[in-house]
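Each remark here refers to the structure printed beneath this line.
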Amino acid sequence: MNILGIDIGGTGIKGALVDTKTGNLTSEKHRIATPRPATPEKVANAIQRMVNHFNWKGAIGCGFPTPLLHGKCLTGGNLHEEWKGVQVDQLFTNKTGNEYSIVNDADAAGLAEISFGAGKNKMGVVIMITLGTGIGSGIFLDGKLLPNTELGHVLYKNGEIFEKYAADSVRKSEKLTRKEWGKRLHKYFDHINLILSPDLFIIGGGASKKLGKFIDQIKIDTPIVAAEAENEAGIIGAAMAANFQIK
Ligand code: BGC
């Protein structure tokens, strides 16, 4: 079944039609820069443009870069404080008339990988960590998602969260080499490994394409692999969320 999957990120909004049975994209990807400021009104307008681009009348699954409860945004995250408390599915439905299922972006990427990619048929605890503008997480036990975990918000030191120390956006803004950044990621993964003892980590987000350039710095025993769908995992998983009616 074809669903329009949309991955809303801190810097880009990416969409494609997805065959949710196979996890394959059935259209070209379309990208729109995330509007700044990323207020609900401006992002809803960008979603309208995305829907118009595909001339799509059917269901839409949307990965959203904040924790959510039943489609309601709990924090503004890296978007805008005005998002807090917004019923995101309702806002987008009012805008475009389509039916939406909203899921956390990292949960979406994890769903795609557990179903079709690096986490397929993996039992035990599998943790998807997305490295992009923020750090997102999706935790799976025997293939089943524990939604809305926020492992990027684990405290690092002096009240600062790991996301502000080790996200890919921090690598860029502080002009860190991949080796320097990798050392920061080592501290992060070592800590998450200690508190959750997973069987496998999957790295998603923009950084997944460059795993070879920093993986040597992360010296933990637990295997770490790149998302097989790389940055497309977020789009594929968003579409799957619509199919499974995760709300
Ligand atoms: C948000 C998460 C999101 C992650 C990646 C974090 O700032 O709190 O919900 O998954 O960024 O976008």
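The values are calculated or read from the model by the stated rules, or taken from the named source; none is laboratory data. Because the structure is predicted, anything quoted here is derived from the model rather than measured. We place every Cβ from the backbone using ideal geometry, glycine too, and count neighbours over all the protein chains shown. When the accessible area is computed, the model is the full protein with side chains, heavy atoms only, and any ligands, DNA or RNA have been set aside. Shrake-Rupley method; radii C 1.70, N 1.55, O 1.52, S 1.80 Å.
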Rounded to 10°, Cα long-axis angle of helix 233-244 versus longest principal axis of the chain: 50
So how far, in whole Å, is the C-alpha centre of the stretch 177-203 from the one of the stretch 10-86? 28
Crossing angle, helix 40-54 versus the chain [Cα axis fit, 0-90 degrees, rounded to tens]: 70
Rounded to a whole number, what % of the accessible area of the stretch 9-93 do carbon and sulfur atoms account for, probe 1.4 Å? 50
Fraction of alpha-carbon pairs over 17 Å apart in the stretch 1-129 - percent: 57
Considering only DSSP beta bridges whose two residues both sit in the stretch 60-120, what percent are antiparallel, to the nearest 5? 40
Ranked highest first by the average count of other Cβ atoms within 10 Å around their residues, in what order do 199-209, 66-76 fall? 199-209, 66-76
Could I have the simple spin-label model distance between Lys213 and Ser27, label points 7 Å from Cα toward Cβ, reported in nm to one decimal? 3.1
Long-range amide H partners of Gly9 with built H, under 5 Å: Lys14
In terms of Cα to Cα distance under 19 Å, which lysines are near enough to Lys157, apart from those fewer than 8 places away along the same chain? Lys183, Lys187
Take every Cα pair under 8 Å in the chain that's 6+ residues apart, average their separations, divide by the length, and report that relative contact order as a whole percent. 23
Checking a compactness column here: for the chain, what do you get for Rg(Cα) / (2.2 N^0.38 Å), N being the number of residues? 0.94
Just to confirm, what accessible area per residue do you get for the stretch 137-189 at 1.4 Å probe, in whole Å²? 54
GNM result for the chain, Cα springs below 10 Å: residue of Gly212, Gly132, Gly119 fluctuating most strongly: Gly212
